[in-house]
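Please treat every number below as a calculation from the coordinates, not as lab data. What you see is a predicted model; the values in this text were computed from it and never measured. Heads up, the Cβs are rebuilt from the backbone with ideal geometry, glycines too, and the neighbour counts pull from every protein chain shown.
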Amino acid sequence: IQDGMMDGVNFEEDSSAEFEKSMAESAFEKLQDDRKTLPVYPYRDALLQAVNDHQVLVIVGETGSGKTTQIPQYLHEGGYTKRGMIKSNLLLQIWRYLWSLGAGTAKSTLSFPEIGCTQPRRVAAMSVAARVSQEMGVKLGHEVGYSIRFEDCTSDKTVLKYMTDGMLLREFLGEPDLSSYSVVMVDEAHERTLSTDILFGLVKDISRFRPDLKLLISSATLDAEKFSDYFDSAPIFKIPGRRFPVEINYTKAPEADYLDAAIVTALQIHVTQPCDGDILIFFTGQEEIETAEEILKHRTRGLGTKIAELIICPIYANLPTELQAKIFEPTPEGARKVVLATNIAETSLTIDGIKYVIDPGFCKMKSYNPRTGMESLLVHPISKASANQRAGRSGRTGPGKCFRLYTAYNYYNDLEDNTVPEIQRTNLANVVLSLKSLGIHDLLNFDFMDPPPSEALLKALELLFALSALNKLGELTKVGRKMAEFPLDPMLSKMIVASEKYKCSDEVISIAAMLSIGSSIFYRPKDKQVHADNARMNFHTGNVGDHIALLKVYNSWRETNFSTQWCYENYIQVRSMKRARDIRDQLEGLLERVEIELTSNFSDLEAIKKAITSGYFPHSARMQKNGSYRTVKHPQTVYIHPSSGLAQALPRWVVYHELVLTSKEYMRQLYQRKCPREKAAQLMIRSLVQITDLREEYGCIEICPGTGEVSIASLVLLQELLDELE
Ligand code: ADP
Ligand code: MG
């Protein structure tokens, strides 16, 4: 090309923009057409009519029929967000007026989400909100938004809000009549999560004094009568599903290694079946999924070029947002997708195009021992109901096949019919604190759909009493009121509230944020394990304990002005750190709300540990002769997790953050307490047993009769002893 020739070529920028616009328009039109093909679409008008006629409606429809994405949109189109417009304008005027008088009013009083839809899982809330904003052609966070713990993607404009059930529960604390909502849809009700169950009781109650509030309870399973009965015989609206036949296959003998069996099955399907449908495998968690992903990548490499491409798509709660969208991308012609999912794909998320489901038959489930107060997350066989939901994922768009990696005998004889609701197998301390701060005192008579074991309720009251969140009468204390503001486990919130006394709130919220990330902070690549371990141990010098090490990591990162390079050099996950920073920012905001000053006291590590102990003293353990530990409350043998900085040091007394059960019962994240003199230690242990003498002195809460007394006193005693011994 000669100089100057280019001058002659003129590109019109306009027309290319025009082209993109028309592409976007046609994509938008396609979305609108897709909406019309969903099973719920023919029932749009009938549904709106039913909502108009009844205050409470139970909606039943198979997964993928469009309940979550469509119904809130129908309600929006049907005018259920108008009320807010009027109200919000009125408020706007009042606000302007107050403003003109010089009185600052919180901005939050101006935002009016009108339709709220709850989801048990945060990934579902985010991904559904993203989808609906596309369908409505608006920017996510504007008219359509989502709110999950530590992340609020809504604005003044938001009229349609997806959120976790836990978030709506928290909103009750600020707005006990939910006055900013005209419709609340409690979605995925069949999952019966703890928060959903508590929401049932609360929304049922407000629906009585707010006749203008519409309530939708939607579920993917057919046993809706239970919901209907609970909500005073609310009518049931059924959306007939379109389900194609699903062929169920069982293994002849039980599989010893379901992970391997699942991978082998997936590869067999991929190699022998025509490339016309994707595969969905259910695993129990992130680690399993990552292992499976690695093995699959390795094995498909060996298959050569004759075999079609296999696209591996993991999905689990902690998967970074930008990767979550990948599972919904249509599979390219001539390739096949294999989705490696947790329970999240059972009913919360629908991935189109699945033809084969592989079901190892397990999920991770919380279980709680109300006697000892110990909670653990264990891999557990699923229920028949879950197995059938999973199988159903293969028959949405055409006939499907489900491969169960267990025997037919197992299915019929060993699996429970239904999963036990979470409320009956979990620690209730958090919920009890929330309910107490809502002014609900008589918990034993709260309108539970299925009441929790009363032992678990007592255990929760007892712990809150020991943490000084409740007084002897079971009433919320000042400390308890502050604790309730934090969306955290009560022990964690207590440690934050206690940081005021020790003037180290700055450090303590950093530690709390680091403990709340939910994914690992240290990165340990296979080929650089020694370097990674050395880098990690740098933060542990002086056997400061894991909490202080986490704090050092955070503070060092902050000093580099949040440098990514620094993370690489120190084998630290940038993403985890960014999340910690976000969480920390929010905790800082909450500190302000409860009027705790942000004060730093880094030079006094003991003060920081005292604040932590004030929340975690029930997690004390003492070393045994053989290097194992005994927990002080409800003696149990435990070990220091190998990842702990104190794994070699083996201090006599430790306080741990949590127990995890893998090959052994391990304490994870722990620090050393000063070694009490032997006599005091003896006293501490003895008094846990011979507590009766001390009962008078320490008292107990009236509503906590029977065995509760003993351990309340022992907890209080333990804390006092620890305080004395500092
Ligand atoms: P239900 O709540 O009844 O299970 P949904 O409303 O979640 O059904 O799903 C309806 C349809 O929307 C499904 O075909 C599903 O694949 C699609 N869909 C939902 N979320 C997304 C998303 N984030 N991206 C693409 N498609 C989605
Ligand atoms: Mg749904």
*Surrounding net charge for Ser394, when Lys and Arg each add one and Asp and Glu each subtract one, Cβ distance under 11 Å*: +3
*If one computes the Cα centroid of the range 518-577 and of the range 605-627, what distance in Å separates the two points?*
23 Å
_Cross-link reach list, aspartates and glutamates versus Lys366, counting only Cα pairs under 13 Å and skipping chain neighbours closer than eight places_ = Glu375, Glu422
*Does anyone have the angle between helix 286-301 and the longest principal axis of the chain? Alpha-carbon axes, 0 to 90°, nearest 10?*
50 degrees
*Per the helix-only calculation at 222 nm, which mean residue ellipticity applies to the chain, given -39500 (n - 2.57) for every DSSP H run of n ≥ 4 and division by its residues, nearest 500 deg cm²/dmol?*
-13000 deg cm²/dmol
_Below 19 Å, Cα to Cα, which aspartates and glutamates can Lys609 reach? Residues fewer than 8 away in the same chain don't count._
Asp489, Glu500, Asp506, Glu507, Asp546, Glu597, Glu658, Glu720, Asp723, Glu724, Glu726
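What does the charge count near Tyr258 come to, summing +1 for each Lys or Arg and -1 for each Asp or Glu among other residues with Cβ under 13 Å from its Cβ?
In short, -4.
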*Taking the chain as the reference, fit the longest principal axis to its C-alpha atoms, fit the long axis of helix 82-100 to the helix C-alpha atoms, and give the angle between the two in degrees, 0 to 90, nearest 10.*
50 degrees
*Roughly how many whole Å is it from the C-alpha centroid of the range 354-381 to that of the range 210-267?*
17 Å
_Loop sites in the range 349-414: trypsin sites (Lys or Arg not before Pro), DSSP, at most 15 other Cβ within 10 Å_ = Arg371
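Can you tell me the equivalent ellipsoid semi-axes for the chain? Use √(5λ) from the Cα gyration tensor, largest first, whole Å.
Values: eigenvalues 369, 219, 178 Å².
Largest first, the chain gives 43, 33, 30 Å.
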*Could you tell me the distance between the Cα centroids of the range 114-131 and the range 311-351, to the nearest Å?*
17 Å
*For the range 533-658, just the Cα atoms, rotate onto the principal axes and tell me the three extents in Å, largest first.*
45, 39, 25
_Positive end of the dipole of the chain, charges at C-beta (+1 Lys, Arg; -1 Asp, Glu), about the Cα centre: which of Gly545, Leu470, Ile596 has its Cα farthest in that direction?_
Gly545
*Could you tell me how many degrees, from 0 to 90 and to the nearest 10, lie between the Cα long axis of helix 258-272 and the main elongation axis, the longest principal axis, of the Cα atoms of the chain?*
10 degrees
*First obtain the Kirkwood hydrodynamic radius of the range 448-546 from its Cα pairs, then insert it into the Stokes-Einstein equation at 4 °C and 1.567 mPa s, and state the resulting D in µm² per second as a whole number.*
78 µm²/s
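In the range 321-384, which GluC sites (Glu not before Pro) are in a loop and have at most 16 other Cβ atoms within 10 Å, using DSSP for the loop call?
Details: sites: Glu322, Glu333, Glu346, Glu375; in loops: Glu333, Glu346.
The qualifying sites are Glu333.
Once you compute Rg and the Kirkwood Rh from C-alpha atoms, what is the Rg to Rh ratio for the range 289-369? Display every interim value, and only then the final one.
Working: Rg = 14.3 Å, Rh = 14.3 Å.
Result: Rg/Rh = 1.00.
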*Using Cα-only point scatterers and the Debye equation, what is log10 of I(q)/I(0) for the range 191-335 at each q in 0.13, 0.16, 0.19 Å⁻¹, rounded to two decimals?*
-0.86, -1.04, -1.21
*Pairs Lys214/Lys436; Lys252/Lys401; Lys326/Lys384; Lys503/Lys552; Lys501/Lys664: which are spaced more than 28 Å apart, C-alpha to C-alpha?*
Lys326/Lys384; Lys501/Lys664
*Once amide H atoms are placed 1.01 Å from N in the peptide plane, what residues at a sequence separation of 5 or more from Glu309, or on another chain, have their amide H within under 5 Å of its amide H?*
Arg336
*Measuring from the lowest to the highest alpha carbon on each principal axis, how far does the range 336-384 reach, largest first, in angstroms?*
48, 18, 17
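From the C-alpha gyration tensor of the range 516-572, pull out the three semi-axes of the equivalent ellipsoid (sqrt of 5λ each), sorted largest to smallest, in whole Å. Mind showing how you got there, number by number?
Working: eigenvalues 55, 44, 27 Å².
The answer is 17, 15, 12 Å, longest axis first.
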